[in-house]
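See below for the structure under consideration.
The values are calculated or read from the model by the stated rules, or taken from the named source; none is laboratory data. If you're wondering where the values come from, they're calculated on a predicted model, not measured in any experiment. Please note: Cβ atoms are built from the backbone with ideal geometry, for glycine as well, and neighbour counts cover all protein chains shown. These area figures cover heavy atoms from the full protein model, side chains too; ligands, DNA and RNA do not enter into them. Shrake-Rupley method; radii C 1.70, N 1.55, O 1.52, S 1.80 Å.
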Amino acid sequence: MALEILDSLSLPGDPMKPNEDAFAQAGHAATVFDGATGLGDMLMPGPSDAAWIAQFGARRVMAHLKEGLSPGRALREALADAEQSFKGLRRRPPDAQWELPCASMILAVEMGESRKGPEMEFLWFGDCGALLDRNGSVEVIGETLAKRAAEAKRARAIAQAKNVAPAAGLNRSEFIGQLRKARDFVNSGTYWLFSPNVAAASHAARTTVPAAPGDHLLLASDGFLAVASDYCAYDAAGLMAAAKTKGLAALGAELRAIEDADPGGEKYARFKKSDDATAVLLRIA
């Protein structure tokens, strides 16, 4: 089996700022990365540290899969590459954990036949996710719904305590201390992300599910999935159906229209008006 791209979309949250999402597809695998927006000075060359880790991670995971490595081994090698590159290119070592470039990701790899039939393996960090459509039955892969609900609750609580609009922006002084404090917990306990730390490989979430030719797969960053998880315009099955019938560009326009109508986040609490939104629709062939 192989994965065939039917449609793709990657929208910056702000057209004046870098798009810190990335996606890649090659043969039997596809991935989406969502870089965590920096909360201080840049350490790496390029448009932003978050854009660097997302683009680097997507590129290196795919490169190692093309070499024939297993999904878990490809992820480990990509993390080792990131660790080495970060040490070689950074302007200075980070003074705190919150400065470390990091990203959510979802990786889907077609694994061929097993004793149970054809299967697909998924690995992920953070709140990127996937929808797998098997003849009209849609399965959600990842933890986006739970994680986005928790983030919305946190955004509303901080905004109310500081008496500002929730979508005031990541680097507003009212938010930055709390955001840095939360980011300091990355790569500790159960909160691991793709980052320049090979130890993260052991903490990626993983599942293997049945899949067959003709099934459809949607991989997306949380910024795109917000049209369902945050704004409730669709449930999982409805979003997959709309992706196949309307197309991802139309869904991106719907997403931005909802956000434009609630720029301050009073109705839908969030830390910024619009996030980068990336999605890839694939068919298993």
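Miscellaneous remarks
- Formal net charge of residues neighbouring residue 107 (Cβ-Cβ distance under 11 Å; K, R +1; D, E -1): 0
- Kirkwood Rh in Å, taken over segment 135-281 so that all alpha-carbon pairs contribute: 17.0 Å
- Within the full protein context, the accessible area of residue 28 is estimated at about 60 Å² for a probe radius of 1.4 Å.
- Sulfur and carbon atoms: percent of accessible area, the chain [1.4 Å]: 52 percent
- Put a plus charge on the Cβ of each Lys and Arg, a minus charge on the Cβ of each Asp and Glu, and nothing anywhere else: the dipole of segment 48-118 about its Cα centre is then about 100 debye.
- Stretchable slack from residue 202 to residue 188, in nm (0.36 nm times residue separation minus alpha-carbon distance): 3.8 nm
- Low-density loop cleavage sites - trypsin sites (Lys or Arg not before Pro) in segment 213-283, where at most 14 other Cβ are within 10 Å (DSSP): 246, 267
- Pairs of Cα atoms nearer than 8 Å and 6+ residues apart set the relative contact order; for the chain it is 28 percent.
- FRET efficiency for residue 67 and residue 178, using Cβ-Cβ distance with R0 set to 41 Å, rounded to 0.05: 0.50
- Binned Cα-Cα distance frequencies in segment 1-101 - 5 Å width, integer %: 2, 12, 20, 22, 18, 14, 8, 3, 1, 0
- Short to long, the 5 Å bins of the Cα pair-distance histogram for the chain hold 1, 6, 13, 17, 19, 17, 13, 8, 4, 1, 0, 0 percent of all pairs.
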